[in-house]
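Novice: Pasting in a structure now, in C-alpha cells, and then I'll have a few things to ask.
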Amino acid sequence: KEEAPADAAAPEPAKTEAPAKAETPAPAATDAAAPADSSSDVVADVNGDGKITIGYISKNLVDPFHAPINAAAQEIFDQMKKDGKIDDWTGVLDGETDPNKQIDRADECITKNCDMVIILPAEATASDPAVTKMADAGIHVIVVNSKTDSTDKVAVSYCGSDDVYAGELLAKWVIEQVPDGGKYAHCQGIIGNSAQIQRGEGLANTMKDHPEFESVGDFPCDWAADKAANVATDMMNKYGDDLKAIICDNDDMSSAAQRACNDAGRKDIVCVGVDGNQKPLEMVKAGEMGATVLQDGVGQVKAAVSVIDAIIAGQPFEKENIVPFVLVTKDNVDQYLK
Amino acid sequence: MEKKEDYILECEGISKAFGGTQALSNVQLHVRRGEVHALLGENGAGKSTLMKTIIGLYKADAGSITFEGMPYSVKGPVEAIAAGISMIHQELNPEPYLSIAESIFLKRENTFGGILLNKKEQNRRAAEILEKFAFPFGPKTLMQELTLAQVQMIEIIKAVSCDAQLIIMDEPTSSLDSEETEHLFRTIRELKGKGVAVIYISHRMDEIFEICDRVSVFRDGTFVNSCELADVTKDELISMMVGRNVANVFPKTDCEIGETVFKVENLTGNGFENINFEVHKGEILGISGLVGSGRSETMRAIFGLDKIKSGSMYLEGRKMVNKSPRAAIKKGICMVNEDRKEYGLCLFRSIRENISLPNLPARQRGILINQKREKKECNEVAKMLTVKAASIEHDGFSLSGGNQQKVVIAKWFMANPKVLILDEPTRGVDVGAKAEIHSLMCEFAAKGMAVIMISSELPEVMGMSDRILIYHEGKLNGEVLRKEIISGAMGQEKILAKEFGGK
Amino acid sequence: MAVKEEKKVLGIDRDKFRMFMGKYGIGVVLFIMIIVISIMEPAFRSAKNFINVATQVSINGMISYGMCLVITTGGIDLSVGAQLALVSCILGQFITNFGVNPFLACLIALLASTAFGFLNGFFVARFNMFPFVVTLSTQLIIRGLAQVISGGNAIPLTSETFQHIYSSKVGPIPLPIVILFIVTVVVYIMLHWTKFGRYIFAVGGNVHAAIASGVSEFWTKVGAYTISGLLAGIAGIIFTAKTSSAQSNIGIGYETDAVAACVLGGTSFAGGVATIPGVVMGIFIIGFIYNGMNLIGIESYYQSMTKGAVIIGAVLLDMVLNRKKG
Amino acid sequence: MAVKEEKKVLGIDRDKFRMFMGKYGIGVVLFIMIIVISIMEPAFRSAKNFINVATQVSINGMISYGMCLVITTGGIDLSVGAQLALVSCILGQFITNFGVNPFLACLIALLASTAFGFLNGFFVARFNMFPFVVTLSTQLIIRGLAQVISGGNAIPLTSETFQHIYSSKVGPIPLPIVILFIVTVVVYIMLHWTKFGRYIFAVGGNVHAAIASGVSEFWTKVGAYTISGLLAGIAGIIFTAKTSSAQSNIGIGYETDAVAACVLGGTSFAGGVATIPGVVMGIFIIGFIYNGMNLIGIESYYQSMTKGAVIIGAVLLDMVLNRKKG
Ligand SMILES: Nc1ncnc2c1ncn2[C@@H]1O[C@H](COP(=O)(O)OP(=O)(O)OP(=O)(O)O)[C@@H](O)[C@H]1O
Ligand SMILES: Nc1ncnc2c1ncn2[C@@H]1O[C@H](COP(=O)(O)OP(=O)(O)OP(=O)(O)O)[C@@H](O)[C@H]1O
Ligand SMILES: [Mg+2]
Ligand SMILES: [Mg+2]
C-alpha cells in the first residue's frame, strides 16, 4: 500500500513533458518497445492450435470514458483480423464493472482458446483472479488502464496509468488555482471502487500537506453527474463564498458541478475531475471550466495492441507502459477535442 | 336455566370493536353438546365476528369463553382446531394452487417422521373422504379448477374431517343448490348423532327450521334472545332480528309488461347451449336451475365477460354484440355478478367511488368529474337502498357482506339500464335487506326495466318472477309462468324435477 | 336507527381525522424532518435552500408521479431510469450531432419515451404479464438502445437554449420548479378529478370489479404506463439540460428513489390507493434526505444507512399514525 | 353427474398436460437456446464450457433459490445484492484483518446475512409492510454497513484455504457446482416435500385461507426471508472466494438476475406458484445468455438489448406454451 504514492511519483517528471508527447501516444508506446526490460522468448500461439486468438475484456460498455477505448479496440482488432495478422478475436466482452463477471469472461476467453487477452480490470483486488486464472492457463495477459494486485507478477505487460497520481493532480490543480486555500468538497464515485479509492487517496495525501485547505466532506455521488450538481448547490448554500473548490472522482461529475456553480454565478469555484470526456473538454475550451485531468484510454489500449504486435512478430516489448495523465487546460485542450 | 354442564361452549359478555365500529357489545352465546344451534341476525349484526373471535382470528376486547367446561383462549385457528373447534368461513377462501388433498389437510399433513410429506397416504385419505361425500373430482385436482359451490363443499369436508367437537358453519349453503344442501344436512345429522355441536349461520329461514334445534339472535352487535326453535315462528324470529316486522319478503307487485326489450337466439358458449329467450319491459324473469347448470355462464356471456360461440342477441329489435362489459353497459345492459368480492367492489375505495364508477361519463363537467353532483346522487342512492354505513366516504372493506351487496346494486340502480341482470342478488343478505332488494327489483320493473334474476333459492324465484326459465345441464328445460305458480299448478317439486332434467 | 345516527356523527369525525392523517400523516414526518435538520444545520432554513431542494427534486418528482400512477394500477415501472438515458442520448444525437432545433428534439425524445411507456403498458395489459418482468426487460432494451444511439459516448450539449431549460428562471423561481408545479397540478387533477383517475383506482383496487363496471383494463393500464413514459421523458430532458451532457449510463437505479417517494406518500403496492399530495411530500422527504445529509455533513459511509433507516422509519411511523398497510 | 365424471377424466388429462408444460415449458426454451448457441459457436458445446457455466451460475443460483421462496410467499427480496457485499466485507475484516480462521469467519458472515434475512421477514410479517419497501430500505442499510465495516476499502483475501472454496474440485467437478447441487436438492426437498414448503405455497396462494387453516403467516414469511438471507450469505462467500477480495460495491443489481431466473422458471409474482426444477432452468438460461452472448460475440452495444429481449421473449413463449399469467 505504501509504495503506491512512491510509484506514482516516478512517472511524474515524465508527465510534465506529456502534453508535448501526448499528441501521438501510440507511436510513443511503440518507441518504447525497443529497450532493456523486454522478453523476446514469448510465443504468440500459446495453445499451439495454429491460430492466434485475441481476447478483450472491457471494464464496461456504458461509461463514456470506456466507450472510445472499446471502439478503438473494436476497430483495431477487426482490421488486424482482416489483415490476417490474427485469426480471430472475441469481440468486446462486457465486464459490467463487476469483477465477478470479469472472472466469468476470463473463463470464456480460456474456453475460446485465446492466446492473448487484454483486460481492463474493474477492481484492483477483486478482478485479480481473472488475470491470474488466464495467466495460469498460459494466456499472455495484458492489463490495461489500471493494475490488479498481481499484474506485475503474472501479466506480460501493463499499459495504463496510476489513479493515485490522478488524485494528486486534482489536488495540485486546486492548490495552484486557489493559492490562499479554503474549503473544498469531494464528490466520490461508487464507494469501494478501486478508481474511487485510489483517486481519493491521492487527493487526501496531497491535501494533508496543505493545511490552508479544509475539506467540508466526501459525498457519495455514484459517479452520477446530477448528484454532484446537487452537492454543488447544497455546498454553495451552506458555505457561500468560503467554498473554493469541488473535486470530483470523474469529470462527468466535475463538469456538472461546475455548471451548477456557473449558473449560480460562482464561476470562481474550481471544479475538477478525472477522465477527459467530451463535455468537460468542451467546457475547458469554452472557458467555462478551468481544467480536467485527461486519462488517455485510447492511448493505453493502443499501447497494449503494440505489445501484441510485438509478441506476434517475436520482437521485444516493454513490460510496463505508463501512459500518463494529462492536465488539460485551455492551453492544450485543442489536442484532445474531437 | 339449564345446568352449566349441558353446554359445550359458553361465551359471556364478549365485546369487540374495529376502530370506531362496535361490532359486538356484551354478547353471549350458549351451545349445547350435540345440538345444531342457529345464529341469526341482520347483515353486520356481528355473527361472523363472534365466530372469528371463537376460533382465535380476532381477539375479544372483553368477555370470556368456556369450552367443554374449561376456560378457553386460543391464539389462532391451529389451537382452536387442536382444542376441537373447526370453522367453515363465510367468505370462500380457496387456495387456488393447492390440490384438493393439500387443501383439506393443510396444517394437518401426513408426514414421514414429521418432516417429509407423505403425499401418497394423504391423497389416499383424501380420496376416501371425497368418495364419502360423492365429490366429483379426485384429490389431486387443483382448487382453482373448482366452481364456487365445489369450493364450498371442500370447505365443509375440511371442517368435518377435523374430528372437531364443535363445528362453526358461517353461511355454508350460500352457494349450494338444493341437492348439495341436502347432502350437507345429512352430514350435519350424522355429526349430531356423534355428539358434535354445530353453530349454524344462515339467512335462509327454511333451512334454519329444517336443521336447527335452538336459535340465538343478534341485532346490531348485541344479543337479543335465545330459544328453542320449536317455540318460535318465522315471523317472531324476523322481528327479533330486524327489530320490526317485515311484512312480506317477496313484495312482488304486478306491473304492466310491455314490448320485448331483449332477446337471445340459439346462444351457445362455454357451459350452455342453444339458449332462446326474450324478456319484456317491466318483467322480472327468474332463472332457476342447479348449481353448475350454466345460468351464470349465459349471463356472463351476454354481459360480455365471457365469449359467445354462436347465436345472436337483440336489444330493442336491433342485433348487437357485446365484446366487453363496457359495450354492454353503454347499450344499457348491466349485471350484478354472483361473486361479489371478485366482481363487485373495489374494497379499498370509498362507497361513493364504487357506486359512481360505471356512471362517471354522465356526471362530468367538461373533462372533470362533477364531484358535488356525484356526492349528492350517491348519497341519495345509498340512502334509498339503506346501505348501513357511517358515511359514503367509508371503504367498501368496512361493510358487512349484505351491505356490500347493496352497494353493488346501488351502482346499477344509478346507471338506470334497460336490462338489469341480477345473479344471486340476495346471496348472504339478511331478511330485511332481502325484502328491500326485492321491492327494489319491483321498482326497477315498474320503471320499465327488464329484470333478469338468477337465484338458487326456489322460494325467491317463485316469489318474485313473472316468468321462470329452468336450466338443466346448460340447456333450457321449461318455462313457468307466474299465474301457474299462483294457481298452484306449478309447485316447488315440479320445478325441482325440471331442474333435475325431468319434463 | 338511533344508534346509526350516533355512529354517523362519531364516524364522520373519525373519518375526517383518518382522512387528515391518511393525507397528512406523512406530513408530520416531513415536518419533524424539517425541524430536526433546521436545528442541526442553520443553512438549511434559508429560502434559497428550499428553492434549491425544489429544483433538485424536480427530476425525481416527474418520475415519481408516473410511478405513482403505475403503482396505483397495481404495477411498477422499472424502466424509468433507462428512459432518462434514452431521452438524453436522443437529445444529444439530434441537437449536437444533427443540429436539430432543441424544441423539436425534445419533442422527438418525448415521443420515444412515451412510445416505450406505451409498449410497457401494452405488454402488461395485453398479455397480462407481470409488470416487474416486463419493465425489467424493457429497461435492458431501452438502455441498450441508448447505448446504440450514443455509441456509448458522451455527447456534449452546448446549445444555450437547451441548457436554459434547467438554468433559466421565471422571476426568482427556476424553470424546473415551474415545470414540476405544473405537472403536479395536472397529475393531481387527472388522478383525483377525472374519470381516468377513477379508473386507475378501480383497476388497481379490483380489476375484475372494474371490468364488470365497464372500465377498460387495457386502456387504463396502457394510459398509466404511457404517462409514466412521458413524465420520465420530461425528467430526462431536465436531467440532460442539468448536466448538459448526453450519455447512456445515467439514471441507473433512479426507479428506487421514485418508488420510495411513492411509498412514503402513502401509495399502496397492492394498488388502488394513492394521493398526489402524499407523493409530493414523499418527493420532498427524499429530497431533504439528500440535501440534509449533505448539509449536515454525514460521513459518506453512513449516508446509505441513514437513507435506508429514514425510509423504513418514516413508513413505519406513518403506519403507526394511521394504522394501515405500508 | 355423467357430465362431471367425463370431465374428471378429461380434467386429469388436462391436468397432467398442464403440469408437464408448467414444469417443462421453459425447458423447451432452454433447449432451443442450447441448440441455437451450439450451432453458432462450436466452443459452446464442450463439456468444459458447461462446467464453466455451472460454476458461473452458482452465485446467481443460490440467490435465485432464496428469491424464489420469497416471491412464492408473495414478496420480493431486493436486499440480496447488498448481502453479498456485507458478507464479503465481514469475511475480509475477520480473515485478513483479524486473522480469524476462515471457517469461523464464514460462520460469522452467514450469521449476519441470516440475521438480516430474518429482519426483512420480521418487518414484512410483523408490521405487514410491503416487501419491496422493506427490502429496498434494508438494502441501503446493509450496503451502508458493508461500507462502514470495510471503511470503503478493498481488503484482499489471501488465505489459500478460503480461496479453495471457489477453486478446489471434487474429482473433475469444481466445489461451487457441488455446493450448488447440494443446495438445489435441499431447497427442492424443502419446497416440495416438507410442511414448510407447503405453507410457503399456502401463504403465497391465499394468505387468508392459510391463516384460517392455522398456518402461521409470520413464521412462514420469516422463514422464507431468513433462508433467502442465508443463501445470499453462501453466495457471498462463493463470490468473495472467487474474487478473493472483500469490498462494499459488489453485487449491485444482482437481485434482478435472480428475479429473472425465478420468473423464467415459472415462479409467479402473484405468489403461490413455483417449482425448483423450473428455477434451475431459469438459472441456466440466464447463465447461457451471458455465456452465449460472449462466446458468439454479439456486438457489445446490442448485448443489453439481447438480454432484455430474451427474457421477455422466453416468458412470453412459456406463457403461450402453457397459457398462464407470466
Ligand atoms: N375486519 C374488520 N374491520 C372493520 N370492521 C369490521 C371488520 N370485520 C367486521 N367489521 C364490522 O363489524 C360488524 C359486524 O360484521 P360481521 O361480519 O360480523 O357481520 P355478520 O353478522 O357476519 O353479517 P353478514 O350476515 O353480512 O355476514 C359490521 O359492521 C362490519 O362492518
Ligand atoms: N372456471 C371453470 N373451469 C371449468 N369449468 C367451469 C368453470 N366455471 C364453470 N365451469 C363449469 O361450467 C358449468 C356451468 O357453471 P355455472 O357457474 O354457469 O353454473 P350456474 O348454473 O350459474 O350455477 P351457480 O348457481 O353456481 O351460479 C358447470 O358445469 C361448471 O362446472
Ligand atoms: Mg357474516
Ligand atoms: Mg352462477
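Novice: Taking region B:319-328 as the search range and keeping residues that are open to solvent by 60 Å² or more (accessible area, probe 1.4 Å) and not in a helix (DSSP H, G or I), which one is nearest to the other protein chains (Cβ to nearest Cβ)?
Specialist: Residue satisfying both the conditions and the ranking: B:Lys323.
Novice: Still on this structure, please answer the following. So which of B:Glu155, B:Glu182, B:Glu145 is more than 26 Å from D:Gly272 (Cα to Cα) and either open to solvent by 10 Å² or more (accessible area, probe 1.4 Å) or modelled with pLDDT of 90 or more (or both)?
Specialist: None of the other options fit; the residue is B:Glu182.
Novice: Can you find, within region B:388-407, the residue that is farthest from the chain's Cα centre (by Cα) among those that are within 11 Å of another protein chain (Cβ to nearest Cβ) and either charged (D, E, K, R) or within 16 Å of ligand 2 (Cβ to nearest atom) (or both)?
Specialist: Ranking the candidates gives B:Glu393 first.
Novice: Looking for something of a type in the set (Val, Ile, Thr), within 16 Å of ligand 1 (Cβ to nearest atom) and either open to solvent by less than 20 Å² (accessible area, probe 1.4 Å) or touching a residue at least 12 places away in the same chain (Cβ under 8 Å) (or both) - is there at least one such residue anywhere in region B:82-102?
Specialist: Among the residues of region B:82-102, at least one is of a type in the set (Val, Ile, Thr), within 16 Å of ligand 1 (Cβ to nearest atom) and either open to solvent by less than 20 Å² (accessible area, probe 1.4 Å) or touching a residue at least 12 places away in the same chain (Cβ under 8 Å) (or both), which makes the answer yes.
Novice: Could you list, in sequence order, the residues of region B:278-294 that are open to solvent by less than 10 Å² (accessible area, probe 1.4 Å) and more than 7 Å from ligand 2 (Cβ to nearest atom)?
Specialist: B:Val279, B:Gly282, B:Glu283, B:Ile284, B:Leu285, B:Gly286, B:Ile287, B:Ser288
Novice: Identify, from the list B:Asn110, B:Asn118, B:Asn93, B:Asn123, the residue that is more than 16 Å from ligand 4 (Cβ to nearest atom) and at pLDDT below 85.
Specialist: On inspection, the qualifying residue turns out to be B:Asn93.
Novice: Which residue, of C:Gly197, C:Gly233, is within 9 Å of another protein chain (Cβ to nearest Cβ) and either open to solvent by less than 30 Å² (accessible area, probe 1.4 Å) or not in a helix (DSSP H, G or I) (or both)?
Specialist: C:Gly197
Novice: Here are some residues: D:Ile71, D:Ile34, D:Ile26, D:Ile51. Which one is away from chain A (no Cβ under 14 Å) and open to solvent by 10 Å² or more (accessible area, probe 1.4 Å)?
Specialist: D:Ile34
Novice: If you don't mind, there's one more thing I want to ask. Is it the case that some residue within region C:206-214 is within 14 Å of chain B (Cβ to nearest Cβ), under 20 Å from the mean Cα position of the chain (by Cα), in contact (Cβ under 8 Å) with a residue 12 or more places away in the chain and not in a helix (DSSP H, G or I)?
Specialist: Within region C:206-214, none of the residues are within 14 Å of chain B (Cβ to nearest Cβ), under 20 Å from the mean Cα position of the chain (by Cα), in contact (Cβ under 8 Å) with a residue 12 or more places away in the chain and not in a helix (DSSP H, G or I).
Condition check ((1) hydroxyl-bearing (Ser, Thr, Tyr); (2) closer than 15 Å to A:Ala303 by Cβ; (3) crowded, with 23+ Cβ neighbours inside 10 Å) across all residues:
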position	(1), (2), (3)
A:Ile103	no, no, yes
A:Ala106	no, no, yes
A:Ile119	no, yes, yes
A:Ala124	no, no, yes
A:Gly138	no, no, no
A:Ile142	no, yes, yes
A:Ser146	yes, yes, yes
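Quick grid of which residues meet (1) open to solvent by less than 20 Å² (accessible area, probe 1.4 Å); (2) in a helix (DSSP H, G or I):
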{"position": "B:Ile409", "(1), (2)": "yes, yes"}
{"position": "B:Gly428", "(1), (2)": "yes, no"}
{"position": "B:Ala435", "(1), (2)": "yes, yes"}
{"position": "B:Cys442", "(1), (2)": "yes, yes"}
{"position": "B:Val451", "(1), (2)": "yes, no"}
{"position": "B:Gly463", "(1), (2)": "yes, yes"}
{"position": "B:Gly478", "(1), (2)": "no, no"}
{"position": "B:Lys483", "(1), (2)": "no, yes"}
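Novice: Further, regarding this structure: Of the residues B:Gly34, B:Gly63, only one is at positive phi, part of a loop (DSSP other than H, G, I, E, B) and either among the small types (Gly, Ala, Ser) or more than 14 Å from chain D (Cβ to nearest Cβ) (or both); which?
Specialist: Checking each option against the conditions leaves just B:Gly34.
Novice: Name every residue in region A:310-335 that is assigned to a helix (DSSP H, G or I) and open to solvent by 50 Å² or more (accessible area, probe 1.4 Å), in order of residue number.
Specialist: A:Ile312, A:Ala313, A:Asp334, A:Gln335
Novice: Quick check: is even one residue across region C:259-281 open to solvent by 10 Å² or more (accessible area, probe 1.4 Å), more than 9 Å from chain D (Cβ to nearest Cβ), under 18 Å from C:Val36 (Cα atoms) and not small (Gly, Ala, Ser)?
Specialist: yes
Novice: Let me ask you something else. Criterion first (on the phi > 0 side of the Ramachandran plot, acidic (Asp, Glu) and more than 16 Å from ligand 4 (Cβ to nearest atom)) does B:Glu68 satisfy it?
Specialist: The answer is yes for B:Glu68.
Novice: Residues of region B:36-53 being within 13 Å of ligand 3 (Cβ to nearest atom) and aliphatic (A, V, I, L, M), which ones?
Specialist: Within region B:36-53, B:Leu39, B:Leu40, B:Ala45, B:Leu50, B:Met51 meet the criteria.
Novice: With the condition kept exactly as written, say whether any residue in region B:149-171 is within 13 Å of ligand 4 (Cβ to nearest atom) and outside any helix (DSSP H, G or I).
Specialist: No - not one qualifying residue is present in region B:149-171.
Novice: Inspect region B:329-346 for any residue being within 16 Å of ligand 3 (Cβ to nearest atom), within 12 Å of chain C (Cβ to nearest Cβ) and surrounded by fewer than 18 Cβ atoms within 10 Å (Cβ to Cβ) and give the result as yes or no.
Specialist: Yes: region B:329-346 contains one or more residues that are within 16 Å of ligand 3 (Cβ to nearest atom), within 12 Å of chain C (Cβ to nearest Cβ) and surrounded by fewer than 18 Cβ atoms within 10 Å (Cβ to Cβ).
Novice: A further question on this structure: What are the residues in region C:143-194 that are closer than 15 Å to C:Ile234 by Cβ, of a type in the set (A, V, I, L, M, F, W, C) and within 14 Å of chain A (Cβ to nearest Cβ), if any?
Specialist: Those that are closer than 15 Å to C:Ile234 by Cβ, of a type in the set (A, V, I, L, M, F, W, C) and within 14 Å of chain A (Cβ to nearest Cβ): C:Phe162, C:Ile165, C:Leu175, C:Ile177.
Novice: Let me ask something else about it. In this structure, does C:Tyr290 turn out to be open to solvent by 40 Å² or more (accessible area, probe 1.4 Å), modelled with pLDDT under 90 and in a helix (DSSP H, G or I)?
Specialist: no
Novice: Condition test on B:Leu347, is it under 23 Å from B:Leu476 (Cα atoms) and part of a loop (DSSP other than H, G, I, E, B)?
Specialist: The answer is no for B:Leu347.
Novice: Given the criterion open to solvent by less than 40 Å² (accessible area, probe 1.4 Å) and more than 9 Å from every other protein chain (Cβ to nearest Cβ), identify the matching residue among A:Lys59, A:Lys51, A:Lys85.
Specialist: Testing whether each residue is open to solvent by less than 40 Å² (accessible area, probe 1.4 Å) and more than 9 Å from every other protein chain (Cβ to nearest Cβ) leaves just A:Lys59.
Novice: Kindly indicate which of C:Leu136, C:Leu104 is free of Cβ contacts under 8 Å to residues at least 60 places away in the same chain, in a helix (DSSP H, G or I) and within 11 Å of another protein chain (Cβ to nearest Cβ).
Specialist: Among C:Leu136, C:Leu104, only C:Leu136 is free of Cβ contacts under 8 Å to residues at least 60 places away in the same chain, in a helix (DSSP H, G or I) and within 11 Å of another protein chain (Cβ to nearest Cβ).
Novice: Separate question: Which condition number does B:Phe250 fail, the rest of (1) among the aromatic types (Phe, Trp, Tyr); (2) at pLDDT 90 or above; (3) more than 16 Å from ligand 2 (Cβ to nearest atom) being met?
Specialist: (2)
Novice: Of all residues in region C:30-66, which are small (Gly, Ala, Ser) and within 14 Å of C:Phe181 (Cα to Cα)?
Specialist: C:Ala54, C:Ser58, C:Gly61, C:Ser64
Novice: Consider B:Glu297 carefully, then state whether it is surrounded by fewer than 20 Cβ atoms within 10 Å (Cβ to Cβ) and within 25 Å of B:Glu499 (Cα to Cα).
Specialist: yes
Novice: Right, another one. Residues that are of a type in the set (A, V, I, L, M) and within 16 Å of ligand 1 (Cβ to nearest atom): which strands (runs of 3 or more DSSP E) entirely in region B:211-318 hold 2 or more of them?
Specialist: B:214-219
The values are calculated or read from the model by the stated rules, or taken from the named source; none is laboratory data. This one's a predicted model, so the numbers in the text were calculated from it and none came from an experiment. No Cβ is skipped: glycine too gets one built from the backbone with ideal geometry, and neighbour counts run over all protein chains shown. Heavy atoms of the whole protein, side chains included, go into the accessibility calculation; ligands, DNA and RNA do not. Shrake-Rupley method; radii C 1.70, N 1.55, O 1.52, S 1.80 Å.
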